[in-house]
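Laboratory data are not the source of any read-out in this text; all were calculated from the coordinates shown. These numbers were taken from a predicted model, which means no experiment stands behind them. Positions of Cβ are generated from backbone atoms using ideal geometry, with glycine treated the same way; all protein chains shown enter the neighbour counts.
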Amino acid sequence: MRRLLTLIISLAVAILGCGPASDQPTVLPKASTKQPVDAKGGKAMPPENQVEGKSWRIDPLLQGRFLADYPDDLQVVVHDGGPRLTKTTPELMWVSVVGKSGRAYRGKLLNKPHGLASVKQGDEILFLAGPKGIDPFRVTPKYLQEREHWHVLPCNKCGMPELFDAPSDLIAVVFPKLKDQKDVAEIKFTSFCPLCRGVQLVSDKPLDESK
């Protein structure tokens, strides 16, 4: 019988520590409720003429986030990765939704990022609608693929239920000597929330959210 081995990787405590407040990634404030003037051309069609086939218009998690004059445009938290993989601050950017891919929405970036290196104006990104009180946020195809096999206990402060990075990328940085997971019965680790620096628990096995 294979020996049960539980690997606990502590991103938050053992590797990073608490760190000064200046190191915490913070989302830029919403500077305006209007779309950038150079981002779109022409006049928007009335919302009632564009509802069919656009599921984001009726997604309850996105209600109240779209502009009246541009009913497919909203603000999304765009990032280069979480705090373990990058020091770049996430940015709240305008995105025009163009479709859906699985459980994620597809959208085109309408303005230029201030400091992000992984995206530029006009790029198409994927994003998820956050729960109440959390802005929609960028995800990657790799993250979405891996997320199906991982369980995330929401942040103990803000309730963020997702990560910014694929679990395999986090493990590669924090535990680079782990090349083969075949002898590992369970992988469980903690991570700082990418939004508020609370704590999230991540595992490849189901987690008890009541604890």
(request) Compute the distance in nm between two label points, each set 7 Å from the Cα along the Cα-to-Cβ direction, one at LYS120 and one at ILE58. (result) 3.9
(request) Neighbouring Cβ atoms within 10 Å as the yardstick, rank LEU128, LEU61 fewest first. (result) LEU61, LEU128
